[in-house]
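Undergrad: Structure provided below as structure tokens; questions to follow.
The values are calculated or read from the model by the stated rules, or taken from the named source; none is laboratory data. A quick note: this is a predicted structure, and the numbers were derived from the prediction, not measured. In this analysis, Cβ positions are derived from the backbone assuming ideal geometry, glycine residues included, and neighbour counts consider all displayed protein chains.
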């Protein structure tokens with residue numbers, strides 16, 4: 001717990017506000033970053049903001065990998081239900097020119 005002044009600012013937790021994930025398939029690397037607020041968990045008052053993008057725990061890294069795999073399965077299910085792209089017929093796309101940033 002962090003107390004500032006005469007107890008007016010009691011910080012005893014953080015609240016994640018934003019998460020960024022960048023995947024580089026060519027190197028199989030993943031960059032995870034977050035923005036968070038310092039908070040008083042009793043009042044939910046925020047006292048400042050921070051950013052973290054390094055030194056994630058093994059548990060967080062494993063859960064991130066699980067999340068990415070699950071997201072891929074959801075997208076595949078939505079897009080390719082029975083093995084064919086839903087509503088697109090026989091359209092093919094070159095993955096180097098499909099217009100998706102980062103791929």
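Undergrad: For the stretch 24-39, which positions are surrounded by 14 or more Cβ atoms within 10 Å (Cβ to Cβ) and in contact (Cβ under 8 Å) with a residue 24 or more places away in the chain? Let's see the steps before the verdict.
TA: Start the filter on the stretch 24-39 by keeping residues that are surrounded by 14 or more Cβ atoms within 10 Å (Cβ to Cβ), which leaves 30, 32-39.
Residues satisfying the conditions are 30, 32, 38, 39.
Undergrad: Looking at (1) closer than 30 Å to residue 9 by Cβ; (2) modelled with pLDDT of 90 or more, which is the only condition residue 47 fails?
TA: For residue 47, the failing item is (2).
Undergrad: Every residue in the stretch 52-83 that is within 23 Å of residue 12 (Cβ to Cβ) and surrounded by 10 or more Cβ atoms within 10 Å (Cβ to Cβ), please.
TA: Within the stretch 52-83, 52, 56, 60 qualify.
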